[in-house]
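A quick write-up on the structure given underneath.
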Amino acid sequence: MTGSGAVGCERRARRDPVGGPRGRRCAARNVVAVAACAAVGLGALVALQRSDAGAATREALLARVSGQRAYQHVLALAGKIGPHVAGTPEDRTSGQYIAAALARDGYAVEWQPFTFPYFAVRMVSLAVSSGPAPPLHPRVLQYSGATPAGGVTAEIFVAGLGRPEDFAGGAASGKVAVIERGGATFKAKAEAAAAAGAVAAVIYNAQPGEFSGTLGSAVRIPVVGLSGAEGQQLVAAAKAGRVAVHLNVQAANEPRTTWNIIATKPGAREPHRIVIVGAHRDTVEGAPGANDNTSGVAVALDLAEILKNVPLPSTVRFVFFGAEEEGLYGSAYYVDHHGPDPIAAYVNLDMEGVGRRLMISTYRGSDSLVQTAARLASELRIPAIVGRDGGSDHINFERIGVPVAFVFRPDDPYYDTPKDTVDRVDPSLLEVSERLALAILLDTAGAPQ
Ligand SMILES: [Zn+2]
């Protein structure tokens, strides 16, 4: 509300009754204007009342945020269901839990199916078969091929960095290529080995320790990683004489279907303007995912509950993405099939329950929403750090030019591990993340009607 002419004029009229000269001029002029002023004033008053009501409702809504209530979703998903990897039965079960919670709040729930490359290791072993040797601890690279059941035994071929020229002369054919990490992608090295006729590839770290990695997409031959220390041992043994190994990799590597779960809250005034809150709903193998990412799912579910009966000007959509851990597949599919209505803003919730620091980030795109969020955080006295971070579903929204705010807590040493358990998630941290997310939502979708 600005101190515009309308208000000034009315206030002036009230101050100076009709009797006085100025009053008369004003009265004469005002006879005409008063009707208009009254209309404007009334509109302004209504707007004032509405915004006061809106502000009051905003405060009331912010006060309704409950970390304890959100935490119940963490207990149900990570505690009761446990690890829920995309494409597995637990993926459907956790999806049903989310859909039921949204339906209980009165939302129409959509299951948006899509396929993605599912990969899971059933077993892996690698041992020197040509003589005594210390045990080896292989890790299968994501999207690796499998050996025949029972495994394969073959001589190793030391192939440097695994560039095509390292395989010149065909000496790798029928052998297991041993390749040092670095200089090219795992996929390029594996494909060079396969093209040279190798039956498998072992990539060892350039550092002494172990590593895990992905090939990005399916490769025909089995590919495992070894620590730098164990890789160096193999190479040294091969320099001293012929070394043969037995490798067994059993893995599922196939397209599978999963779902984005979507609940829409139609806008009261601008139904074609869409504001989205998203959280991925899958975990990695073996991880209950209490913080990554049932904490984000829980915050989004609690937001949906708080707003279930609150009309907002723009449409708000809550989207629970599938297969984020495999490669952001759910958000990519969602963005590519979103339809004509413009997405005005995207708020990404991923890891909200562990670690004091709270970040508000974008990746490479516009930081307009991040700046809005930072302002709201300071208004709410929520300490937050503005940054640039990738690694989650907001990247796909940036790809189509949507302003994003990635709200997350970066300090969790145990995410994506079996130690990501419910006891580590702090409900009071969920509450703070949720309050900020709600403020961003109300700021972008418009004040409650
Ligand atoms: Zn995550």
Practice task
With no solvent and one equal point scatterer per Cα, compute the Debye intensity ratio I(q)/I(0) for the stretch 197-263 at 0.12, 0.23 Å⁻¹ and report its log10, rounded to two decimals.
Solution key: -0.46, -1.15
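If the only charges are +1 at each Lys and Arg Cβ and -1 at each Asp and Glu Cβ, what is the size of the charge dipole of the stretch 97-230 around the Cα centre, to the nearest 20 debye? Can you show the working numbers first?
Details: 9 positive and 9 negative charges, 26 e Å.
Approximately 120 debye in magnitude.
Return one quarter of the surface area of the convex hull spanned by the alpha-carbon atoms of the chain, equal to its mean projected area, in nm².
Numbers: hull surface 106.5 nm².
The number I arrive at for the chain is 26.6 nm².
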Handout entry: Hits among aspartates and glutamates - C-alpha to C-alpha of Lys419 under 20 Å, sequence gap 8 or more where chains match
Key = Glu90, Asp91, Glu210, Asp282, Glu285, Asp292, Glu324, Glu325, Glu326, Asp350, Glu352, Asp411
Practice task
Report, in deg cm²/dmol and to the nearest 500, the calculated mean residue ellipticity at 222 nm for the chain, where each DSSP H run with n ≥ 4 adds -39500 (n - 2.57) and the sum is divided by the residue count.
Solution key: -11500 deg cm²/dmol
Completion exercise
The size of the Cβ-based charge dipole (Lys, Arg +1; Asp, Glu -1) of the chain about the Cα centre, to the nearest 20 debye, is 1840 debye
Problem - Given Lys187/Lys239; Lys189/Lys239; Lys80/Lys187, the pairs whose alpha carbons are separated by over 29 Å - result: Lys80/Lys187
Handout entry: Extreme residue, positive dipole direction of the chain, given options Val425, Tyr415, Pro117 (C-beta unit charges)
Key = Val425
Handout entry: Folded to 0 to 90 degrees: helix 186-195 orientation relative to the chain principal axis, Cα
Key = 40 degrees
Completion exercise
Nearest 10, in degrees from 0 to 90: the angle of helix 5-15 to the longest Cα principal axis of the chain is 40 degrees
Fill in the blank from the handout: The distance between the Cα centres of the stretch 256-289 and the stretch 184-229, in whole Å, is 35 Å
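If you add up the charges near Ser227, with Lys and Arg at +1 and Asp and Glu at -1, over every other residue whose beta carbon is less than 10 angstrom from its beta carbon, what do you get?
-1
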Handout entry: For the chain, accessible area per residue (1.4 Å probe, heavy atoms of protein chains only), Å²
Key = 43 Å²
Problem - Label-to-label distance, nm, for residues given as Gln207 and Tyr414 (7 Å Cα→Cβ offset) - result: 2.2 nm
Problem - For the stretch 418-424, 3J(HN,Hα) per residue [Karplus equation, 6.51 cos²θ - 1.76 cosθ + 1.60, θ = phi - 60°, Hz, x = Gly/Pro] - result: x, 7, 7, 10, 4, 5, 8
Exercise for the section: Run a plain Debye calculation on the stretch 131-242 (Cα atoms as equal point scatterers, no solvent) and give log10 I(q)/I(0) at q = 0.10, 0.17, 0.19 Å⁻¹, rounded to two decimals, same order as the q list. Expected result: -0.24, -0.73, -0.94
Exercise for the section: Could you tell me what fraction of 2.2 N^0.38 Å the Cα radius of gyration of the stretch 337-449 comes to, as a two-decimal ratio? Expected result: 1.08
Fill in the blank from the handout: Per the 1/(1 + (r/R0)^6) rule, R0 = 25 Å and r from the Cβ atoms of Lys308 and Arg375, FRET efficiency to 0.05 is 0.40
Problem - Two-site label geometry, Asp341 and Ala168: point separation in nm, points 7 Å out along Cα→Cβ - result: 6.1 nm
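The values are calculated or read from the model by the stated rules, or taken from the named source; none is laboratory data. Predicted model, so just to flag it, every value in this text is computed and none were measured. Counting neighbours? That spans all protein chains shown, and the Cβs are built from the backbone with ideal geometry, glycine included. Please note that ligands, DNA and RNA were not included when accessible areas were found on the heavy atoms of the full protein model with its side chains. Shrake-Rupley method; radii C 1.70, N 1.55, O 1.52, S 1.80 Å.
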